[in-house]
Amino acid sequence: MAQAREELHAEIAKHREAIARLEARLEEIEGPKPADPWPPEGFYLTYYVVAGLMLGVLGSLTSFLMNVVGSILVDQDPLLFLRVYGTVFLGKEALVTSDLNFFMLVAVVHFSVGAVAGAVFHVLVSLYTPEKAIVTVGLGAVYGLVMWIVNFYVVIDWLETSLYGQAYVLELMPAWVAALSHMIYGVTLGALQPLGRFVPYRPAVAT
């Protein structure tokens, strides 16, 4: 039994050696396989999308905190803005519900939309603008205001009017509060955008 095992191992070794010789001959004919270039050539889209998603979450967090802190300062329900946004899902019932699952749903949607919008902003700014903080912050502020106009006066206005007959978000959320929270979101994106630029690692070269 032991002898048969040794013979099998010896035969396997011979086959491996034969395969190695064949691969060496093939490499002589075709040449060595080119290594994957590093850093990647051209625009590293995957990196910028992932980095933009992270920046978008951070931007959503700042606008989230601004709404919570602002509500506390004026002695309002700190989750009032979640209730208002939640009218997209429940209509006017969102204003009186205490269901934690509901608040989690609205928060997840809030951060998800912010993350996707952050990825779009980061990719476009990284592709087409110079690496200047004042430029990215200014573009971020404009981007936030555009998001506010599109989200409120196009998407939400149409959606809530279609579902419930009236746009609760537009009626209950003061325009200046919505504009400011979106601007803070955009300014955060712009301020953090340089941190999301791709800087490839290069090993130190001994001199």
Residue 134 versus residue 195: modelled label distance in nm, points set 7 Å from Cα along the beta carbon direction:
2.3 nm
Suppose R0 equals 45 Å. What FRET efficiency, 1/(1 + (r/R0)^6) with r the Cβ-Cβ distance, do residue 92 and residue 38 give to the nearest 0.05?
0.20
What are the equivalent ellipsoid semi-axes of region 134-207, built from the alpha-carbon gyration tensor (square roots of five times its eigenvalues), in whole angstrom, biggest first?
40, 13, 8
For region 37-63 and region 138-152, what is the centre-to-centre distance using only Cα atoms, to the nearest Å?
19 Å
What fraction of the Cα pairs in the chain, stated in percent, has a spacing above 33 angstrom?
41 percent
Residue 145 paired with residue 177, simple spin-label distance in nm, labels 7 Å along Cα-to-beta-carbon
2.1 nm
What shape does region 92-173 have by the C-alpha gyration tensor, where a ≥ b ≥ c are the square roots of the eigenvalues, rounded means a/c under 1.5, and otherwise prolate means a/b greater than b/c and oblate the rest?
prolate
Quick one: angle between helix 80-90 and the longest Cα principal axis of the chain, in degrees between 0 and 90, rounded to 10, please.
80 degrees
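A short reminder: the numbers here are calculations on the coordinates, not readings from a lab. The shown structure was predicted, so the numbers you read here are calculated from the model rather than taken from an experiment. Cβ coordinates were reconstructed from backbone atoms using ideal geometry, including for glycine residues, and neighbour counts include every protein chain displayed.
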